[in-house]
Amino acid sequence: HLIQPARFCIVTKAYKDVLAFRKFNIIAVAPSAEGVLLTKDEYWLLRKNFDFIVSCMDYDRTGKLMAKQLKDIYGIEPIMFTDGHFNTYNYGIKDPAEYIHKHGFNDTMLLFKTIYEKYIDDVKKFDTYFYNNLKFIKWIH
């Protein structure tokens, strides 16, 4: 699929999760194969086109490792459907596609809205910072 610039993008582990997010008009991408990390070129293509990039990997060994690598290498924050270990919430599933199947469209939409609201302050700070810098640039000219 062609990437069109937008505010948010989610990096997932598999194409089935990309399709699951698209049901909610959320832009998501997946590497060419499961367990494959984004290349630097792929990351910079995403960074050029999106203000905020998060990852949503399966909460299994491979998914946790990939989420950690994306965070360490590119600074991409992870969001995960946890299983109750380490004092986390138990969603009872391993990935977004399974959550939608188990809980339905409306409950999934409510969950995504809750996650979005958690990050809205970061969005507002980004917008304010960007706007203030544009004003400064305009003032110089």
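Excluding same-chain residues fewer than 8 positions from Lys64, which lysines have a Cα within less than 17 Å of its Cα?
Qualifying lysines at Cα under 17 Å: Lys13, Lys94.
Give me, ordered by chain and number, the residues 5 or more places off Thr82 or on other chains with an amide H under 5 Å from its own placed amide H.
The list, which skips near neighbours in sequence, is Tyr91.
Collect residues whose amide H, placed 1.01 Å from N in the peptide plane, falls under 5 Å from the amide H of Glu77; neighbours closer than 5 in sequence don't count.
For Glu77, the qualifying residues are Ser55.
Order the following by accessible area, largest value first: Phe86, Phe50, Phe112. Probe radius 1.4 Å; ligands, DNA and RNA are ignored.
Descending accessible area places them as Phe86, Phe112, Phe50.
Using a Förster radius of 22 Å, what is the FRET efficiency between Phe86 and Arg7 based on their Cβ-Cβ separation? Nearest 0.05, please.
It comes out at approximately 0.10.
Which one of Ile93, Ile73, Ala33 has its Cα pushed farthest toward the positive end of the charge dipole of segment 31-105, where Lys and Arg give +1 and Asp and Glu give -1 at the Cβ?
About the Cα centre, the residue reaching furthest to the positive side is Ile73.
Run the quick spin-label model on Lys124 and His101: label points 7 Å from Cα toward the beta carbon, then report their separation in nm to one decimal.
3.9 nm
Going from most exposed to least, what order do His85, His103 have by accessible area with a 1.4 Å probe?
His85, His103
The values are calculated or read from the model by the stated rules, or taken from the named source; none is laboratory data. None of these values were measured; they are calculated from a predicted model. All Cβ positions, even for glycine, are placed from backbone atoms using ideal geometry, and neighbour counts span all protein chains on display. The accessibility values were calculated without ligands, DNA or RNA, using every heavy atom of the protein model including side chains. Shrake-Rupley method; radii C 1.70, N 1.55, O 1.52, S 1.80 Å.
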